[in-house]
Amino acid sequence: MAHRVVVLPGDGIGPEVMGPAIEVMNKASEIAGISIETEEALVGGAAIDAEGSPLPDSTLAAARSADAVLLGGVGGPKWDDLPVEQRPEKGLLGLRQELGLFANLRPAMLFAPLAQASSLKSELVADLDILIIRELTGGIYFGEPRGIEVRDNARVGFNTLIYSEHEIERITRVGFDLAGKRGGRLCSVDKANVLDSSQLWREVVMRIAPDYPDVELSHMYVDNAAMQLVRAPKQFDVIVTGNMFGDILSDCAAMLTGSLGMLPSASLASGGLGLYEPVHGTAPDIAGQNLANPLATILSVAMMFRYSLDSARAADAIETAVGAALDAGFRTADIADEDHPRNVNTAEMGQQILERME
Ligand code: NAD
């Protein structure tokens, strides 16, 4: 049976990076002998222009019935003056919410030839390959009560950090599963020395750990995790953590790799449906010029094969080809350096990847 992939190119450089990514997807599915049906739909500013809504019902319906959704990016100056509720970002937030995407996967990978792009010493980050799993639909960003009010004649602002056992168990099981498929090590990050919510988190993680005897579990306080990420990032394999800690740590880990144009991400729902997108935005400053780096989107396609379409073969073919193209010295402008001045555009980088896939 064919896998259904809904493609949402979106705005700005979204459509430009999506072109090569789709070609790479088609070639990878051929290599792995799997069949994919794609359907393209509108989201973000493009959907506002065509249909007056950043997330048309038809797009949501298509996404709901898909195995995976591949997104370019949404937003741009053209829509910046719209009221918040009507802005392109609402399309993406709506998708996350409606599809129940509770697990955000942010790999921080650094292909060795790009090690000098990092602000850390090359030897600390060359061949870095860690995965941060962030709980995306709960915790302090959504907890109630929240608000700003007057107490004892002074204004106070407050939020609630709340996690149910069910939410903790669900995200932690994703962590154990993925650690089992990778290096076999899971580090749960919390603040159990201060927060009650984290004490429950740690208790639940420890309760389910025996279900995964092949995964080595460790715990780390979030402040230490932030230090360790910049001191010795390669000590980690998979990190699982709550919404706010994950928000901060995943951005910190992303910058270890030095380049926004290289970073893929995934958000998963129960049952395997996933949304795959580059970490970067729509880069209005370079949109329409065939300059954007398509590798973050191409690597998001690799994640899609691995996590929603269950094809490590296709994912490996893509990731290996990306490494080989970089080894051969090909660079888009954003990852160019003195030894490798800019030499390919968006479409040409896609071609270099295609030629190296086997
Ligand atoms: P951005 O990631 O779009 O761009 C930041 C800088 O990185 C820019 O200089 C850009 O040219 C460069 N850059 C980004 N991706 C690149 C790529 N693939 N190749 C080469 N260079 C690249 O972030 P921003 O400028 O803060 O936001 C621009 C727009 O994107 C805004 O409308 C914002 O709301 C939107 N945005 C969307 C998403 C999303 O859809 N997930 C995420 C972030 C920002």
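The values are calculated or read from the model by the stated rules, or taken from the named source; none is laboratory data. All of these numbers come straight from a predicted model, not from anything done at the bench. Using ideal geometry, Cβ is built from the backbone for each residue, glycine included, and neighbour counts are taken over all protein chains shown. Please note that ligands, DNA and RNA were not included when accessible areas were found on the heavy atoms of the full protein model with its side chains. Shrake-Rupley method; radii C 1.70, N 1.55, O 1.52, S 1.80 Å.
Here are a few things to note about the model shown:
- Sequentially through segment 49-60, phi angles give Karplus couplings (6.51, -1.76, 1.60; θ = phi - 60°) of 4, 7, 10, x, 9, x, 9, x, 4, 5, 5, 5 Hz, Gly and Pro residues having no value and appearing as x.
- Surrounding net charge for residue 330, when Lys and Arg each add one and Asp and Glu each subtract one, Cβ distance under 14 Å: -3
- For residue 318, the shell of other residues with beta-carbons less than 14 Å away shows a net charge of -2, using +1 for Lys and Arg and -1 for Asp and Glu.
- Over segment 128-242, relative contact order from alpha-carbon pairs under 8 Å, at least 6 apart, %: 37 percent
- For segment 245-358, convex hull of alpha carbons as volume per residue, Å³: 115 Å³
- Inter-centroid distance (Cα atoms) of segment 114-149 relative to segment 304-358, Å: 24 Å
- Solvent-accessible area, 1.4 Å probe, carbon plus sulfur percent, for the chain: 50 percent
- Mean separation of Cα contacts under 8 Å, 6 or more apart, over the residue count of the chain: relative contact order %: 22 percent
- In the chain, the DSSP-assigned H stretches of four residues or longer account for a calculated mean residue ellipticity at 222 nm of -12500 deg cm²/dmol, using -39500 (n - 2.57) per stretch and the full residue count as denominator.
- Across all Cα pairs in segment 146-266, the calculated P(r) in 5 Å bins from zero up to the longest distance comes to 2, 10, 19, 20, 19, 13, 8, 5, 3, 2, 1, 0 percent per bin.
- Globularity ratio of the chain, using Cα Rg and 2.2 N^0.38 Å: 0.99
- Among residues other than residue 166 with Cβ under 14 Å from its Cβ, the summed charge is -2 (Lys and Arg +1, Asp and Glu -1).
- Amide H to amide H, with H built 1.01 Å from N, residue 163 comes under 5 Å of no residue 5 or more places away or on another chain.
- Here the 3J(HN,Hα) profile of segment 238-253, calculated from phi with Karplus coefficients 6.51, -1.76 and 1.60 at θ = phi - 60°, is 10, 10, 10, 7, x, 4, 6, 4, x, 4, 6, 5, 6, 5, 4, 5 Hz, Gly and Pro shown as x.
- FRET efficiency, 1/(1 + (r/R0)^6) with R0 45 Å, evaluated for residue 81 and residue 313 via beta carbons: 0.45
- Listed by chain and number, the lysines placed with their C-alpha closer than 19 angstrom to that of residue 121 are 234; residues fewer than eight positions away on the same chain are left out.
- The slack in the chain from residue 270 to residue 156, taken as 0.36 nm per residue of separation less the alpha-carbon distance, amounts to 37.3 nm.
- Fully extending the segment from residue 290 to residue 39 would add 88.0 nm, taking 0.36 nm per residue of separation and subtracting the current Cα-Cα distance.
- Vicinal HN-Hα couplings computed from phi for segment 26-40 (Karplus, 6.51 cos²θ - 1.76 cosθ + 1.60; Hz; Gly/Pro x): 5, 5, 5, 5, 4, 4, 8, x, 10, 10, 10, 10, 10, 9, 9
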